[in-house]
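These notes concern the structure reproduced below.
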Amino acid sequence: MACEPQMDPGGATGPLPTSSHGWSALPPGNPPGWGQELRNGQVLTVLRIDNTCAPISFDLGTAEEQLQAWGIQVPADQYRSLAESALLEPQVRRYIIYNSRPVRLAFAVVFYVVVWANIYSTSQMFALGSHWAGVLLVTLAAVSLTLTLMLVFERHQRKANSNTDLRLAAANGTLLRHRVLLGVTDTVEGCQSVIQLWFVYFDLEDCAQFLSDHVREMKTSQESLLRSRLSQLCVVMETGVSPEAPAVEGPVDLEAAPLLPSTARPPERALMQTELHQLVPEAEPEEMAQQLLAVFGGYYTRLLVTSQLPQAMGTRHLDSPKVPCPCQLIEAHLLGAGCCPFLAR
């Protein structure tokens, strides 16, 4: 069926692309050779589902088998509900479709046509549209505005997204001790939107130690800056509040009370209460470091598998000398003194 995860005969979930930074996506299910060890940033497996079908679920049982082939024991029950609830809700799936590259490209084409028509009709008021030079200027102006819009879209995609990346924080928090990170990407194959769930190996013990030391140092010397940066890591949550029934004073005569109400009352709508939830609350430096890695694990994984990580002069915990590790990315783009927020929304 079209809605089932696409599998090859060997059980792998389709061919994995090779990263341009030196991480070879080895075939899932083939354990490393004798004496070969997994490297930080190694793609273990990827699950794919069709985003345009009815509600479905990831084949996490296959992922569990693939991870066991690499010598990693991660029961799917530990993260199944966390991953599926984070990515397979209808509003999240619609968000992924509307923010996909083909939809952005289609929007850019419509934007170009509308802008060109508006500029051309406006130029007619100044007698510029009848000459070929006027048409050329109109075309150049429309192209420039469209390219600017596409650059804004591309910059937006490089930021951490609270609707996809940060929703994997709970699942990544569970998988950290197993040295596995989850990330999500989307692609289009034919006319189908496909969600890809990536499993990447990463031993974050050194990153956690560095971040805990850095947070402890900032608590001592730059506590206000630390609180300012962490205050940006919050999400808006809506919770239902049931209206309280009015209190009745004095004894109630049960015999005099009618068994059925005299008039039918329409059901009352639940009241919604909006509150901010802090993703990295105040705690011990070790706990805050673990939470930072869990929150930004999905963001880092997405940039890693799509080769969008910023270039670095040196790395701490990776083999590649030009690719930052998670603690470097968090330090540079969140905890740094001169950095700007990099959340998409």
Of (1) in contact with a helix residue (DSSP H, G or I) (Cβ under 8 Å, 6 or more places away or on another chain); (2) within 27 Å of Thr52 (Cβ to Cβ); (3) aliphatic (A, V, I, L, M), Ala142 satisfies every one except (2)
Which residue, of Ser144, Ser193, is more than 26 Å from Leu38 (Cβ to Cβ) and assigned to a strand (DSSP E or B)? Ser193
Applying the selection to the range 115-156, what residues are within 30 Å of Ser85 (Cα to Cα) and either free of Cβ contacts under 8 Å to residues at least 60 places away in the same chain or in contact with an Asp or Glu (Cβ under 8 Å, 6 or more places away or on another chain) (or both)? Val152, Phe153, Glu154, Arg155
Could you identify the single residue in Leu279, Leu335, Leu271, Leu259 that is closer than 22 Å to Thr185 by Cβ and either at pLDDT 75 or above or of a type in the set (A, V, I, L, M) (or both)? Leu279
If you take the residues of the range 76-90 that are more than 10 Å from Ala170 (Cα to Cα) and among the aliphatic types (A, V, I, L, M), which of them is surrounded by the most Cβ atoms within 10 Å (Cβ to Cβ)? Leu87
Restricting attention to the range 166-176, does a residue exist that is within 20 Å of Ala294 (Cα to Cα), free of Cβ contacts under 8 Å to residues at least 12 places away in the same chain and of a type outside the set (Val, Ile, Thr)? no
So which pairs qualify, if the first residue must be in the range 268-281 and surrounded by fewer than 10 Cβ atoms within 10 Å (Cβ to Cβ), the second must be modelled with pLDDT under 70 and not in a strand (DSSP E or B), the Cβ gap must be under 9 Å, and the two must be at least 6 apart or on different chains? Glu268/Ser242; Glu268/Pro243
Selected residue (only one of Val215, Val200, Val184, Val188 is of a type in the set (A, V, I, L, M) and either assigned to a helix (DSSP H, G or I) or free of Cβ contacts under 8 Å to residues at least 24 places away in the same chain (or both)): Val215
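The values are calculated or read from the model by the stated rules, or taken from the named source; none is laboratory data. All values reported here derive from a predicted model rather than from experimental measurement. Positions of Cβ are generated from backbone atoms using ideal geometry, with glycine treated the same way; all protein chains shown enter the neighbour counts.
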